[in-house]
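Here the structure comes first, spelled out in structure tokens, and everything after it is commentary.
The values are calculated or read from the model by the stated rules, or taken from the named source; none is laboratory data. Given the structure is predicted, the values throughout are model-derived calculations rather than measurements. All Cβ positions, even for glycine, are placed from backbone atoms using ideal geometry, and neighbour counts span all protein chains on display.
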2 protein chains.
Amino acid sequence: MSSVDTEISSMSTPISLISQERSLKISAKTDYAVRAACELAGAEPAKPIKAETLAQLQAIPANFLENILSALRNSGIVRSQRGAVGGYFLARPAETISLADIIRAVDGPLAAVRGEAPEDQNYSGAASKVADIWVAVRASLRVVLEETTLADLVAQKLPKHVQALIDSPDAWSRR
Amino acid sequence: MSSVDTEISSMSTPISLISQERSLKISAKTDYAVRAACELAGAEPAKPIKAETLAQLQAIPANFLENILSALRNSGIVRSQRGAVGGYFLARPAETISLADIIRAVDGPLAAVRGEAPEDQNYSGAASKVADIWVAVRASLRVVLEETTLADLVAQKLPKHVQALIDSPDAWSRR
DNA sequence: ATAAATTCTACCGATTTAGTTGGGAATGAG
DNA sequence: CTCATTCCCAACTAAATCGGTAGAATTTAT
């Protein structure tokens, strides 16, 4: 066949698009949830802020944010007040809300392997230590996310070991 | 507030289903890639193993595995040999291949926030420190994934700080 | 009671995930 | 040479998730 086809080598590669794979990624939902929660933590304790206001403050699509706030409410992280002067506010002090709490509320357990916890997988042969690695990954995420609270974030005072990670030389290298 | 409303507790709650969200999750692709690479690392250096055999050894869907091996080959992690006695083998010594290399080959950069690097986001207001947190998350992932090699995994000798994470009391708590 | 404000629920399209299918192209054995 | 074996590669698919919208339901102020 052939004949003319080619030129292919040069490659058209329209590369339709930006690949966008996801494994160990941070979803928009998680990012939005943390940002909205920061705004709530930065405001007066029991004064409700309406969803629309949060959306504007953080440039989050308003209707999507409502889904997120709903998940946070179901997990007991925020509470809501309906009616004319309603809105959302934190359900407990910002010092007691970790980032891990927020992420789990909107996106489920950390470091799940194909929907299940790492310790529920079973690996054989040369790969038998792989479960340990996923457990280590989860533990290292927890070191950051379980210890950092909303209060830390808005006060711009992160826990020492978290700050140390950020200050480490290659933390900002893009790779 | 109310009074009667309740009953809510009982609530139909169809609970649509097991949620299965994904943020900071480990994809099937990543898991399969690491397991297949372990088998290659556990075998003799330049003796090719065919995809079908790898698939059986690790119970990975064979055709899907070919996609994954193709990605690993494009990233220079494995090499392949066609023909009757062909198959796949590691392109370089197992000591020089980190888990981060493998994950990036099949699923792109670690800890991307909505498709972009954390340092490319810009945050305002009460959330201005959020970028730092995502950088810390990425750095903590790297601590585990950049230092652990395929050789470590098959030898069942993980780096000290990784083993320390695994041995820490709450690493295995399910949460 | 009623209107205004806001939450809440159900839906929707596009992308991604996790695969499958099938054809072609090297390679080595006989 | 020829043919079986194996990789290679592109397209296709079903189901789930992502990101987002629309409208009904609820609460509060007046």
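None of A:ALA127, A:ALA112 is under 30 Å from B:ALA41 (Cβ atoms), buried (at least 19 other Cβ atoms within 10 Å of the Cβ) and more than 13 Å from DNA strand C (Cβ to nearest atom) except A:ALA127. Could you please find all residues in region A:73-120 being over 17 Å from A:VAL143 (Cα atoms), more than 16 Å from the chain's Cα centre (by Cα) and among the charged types (D, E, K, R)? Answer for region A:73-120, where residues must be over 17 Å from A:VAL143 (Cα atoms), more than 16 Å from the chain's Cα centre (by Cα) and among the charged types (D, E, K, R): A:ARG73, A:ARG79, A:ARG82, A:ARG92, A:ARG114, A:GLU116, A:GLU119, A:ASP120.
B:ASP107 meets each of the listed conditions (1) without any contact (Cβ under 8 Å) to a residue 12 or more places away in the chain; (2) in contact with a helix residue (DSSP H, G or I) (Cβ under 8 Å, 6 or more places away or on another chain); (3) of a type in the set (D, E, K, R) apart from (1).
Here B:VAL144, B:VAL154, B:VAL106 are screened, and the one residue that is buried (at least 22 other Cβ atoms within 10 Å of the Cβ), among the hydrophobic types (A, V, I, L, M, F, W, C) and more than 30 Å from A:VAL154 (Cβ to Cβ) is B:VAL106. Residues in region A:24-42 that are facing chain B (nearest Cβ under 7 Å) and within 16 Å of DNA strand D (Cβ to nearest atom): A:LEU24, A:LYS25, A:ILE26, A:SER27, A:ALA28, A:LYS29, A:THR30, A:ASP31, A:VAL34, A:ARG35. Note on region B:109-160: residues that are among the small types (Gly, Ala, Ser) and facing chain A (nearest Cβ under 7 Å) amount to 10.
Scanning region A:68-84 for residues that are out of contact with any Phe, Trp or Tyr (no Cβ under 9 Å at 6 or more places or on another chain), within 13 Å of chain B (Cβ to nearest Cβ) and within 6 Å of DNA strand C (Cβ to nearest atom) yields A:ARG82, A:GLY83.
Total residues in region B:50-67 satisfying the condition of being in contact with an Asp or Glu (Cβ under 7 Å, 6 or more places away or on another chain) and more than 10 Å from every other protein chain (Cβ to nearest Cβ): the figure is 3. When region B:110-138 is filtered for residues that are touching a Lys or Arg at 6+ places or on another chain (Cβ under 7 Å) and touching a residue at least 24 places away in the same chain (Cβ under 8 Å), the ones remaining, listed by number, are B:LEU110, B:ALA111.
Remark: A:LEU141 matches the filter, which requires a residue to be touching a residue at least 24 places away in the same chain (Cβ under 8 Å), touching a Leu at 6+ places or on another chain (Cβ under 6 Å) and assigned to a helix (DSSP H, G or I). State whether one or more residues within region A:85-100 are in a strand (DSSP E or B), touching a Ser or Thr at 6+ places or on another chain (Cβ under 8 Å) and near DNA strand C (Cβ under 8 Å from one of its atoms). Yes, the conditions are met somewhere in region A:85-100. When B:ASP107, B:ASP170 are checked against the criterion of being within 16 Å of DNA strand C (Cβ to nearest atom), at negative phi and modelled with pLDDT under 95, a single residue qualifies: B:ASP107. Residue count for region A:77-101 satisfying the condition of being under 9 Å from A:THR149 (Cβ atoms) and of a type in the set (Val, Ile, Thr): 2. Consider B:ALA91 carefully, then state whether it is within 16 Å of B:PRO45 (Cβ to Cβ), surrounded by fewer than 18 Cβ atoms within 10 Å (Cβ to Cβ) and out of contact with any strand residue (DSSP E or B) (no Cβ under 8 Å at 6 or more places or on another chain). For B:ALA91, the condition - within 16 Å of B:PRO45 (Cβ to Cβ), surrounded by fewer than 18 Cβ atoms within 10 Å (Cβ to Cβ) and out of contact with any strand residue (DSSP E or B) (no Cβ under 8 Å at 6 or more places or on another chain) - is not met.
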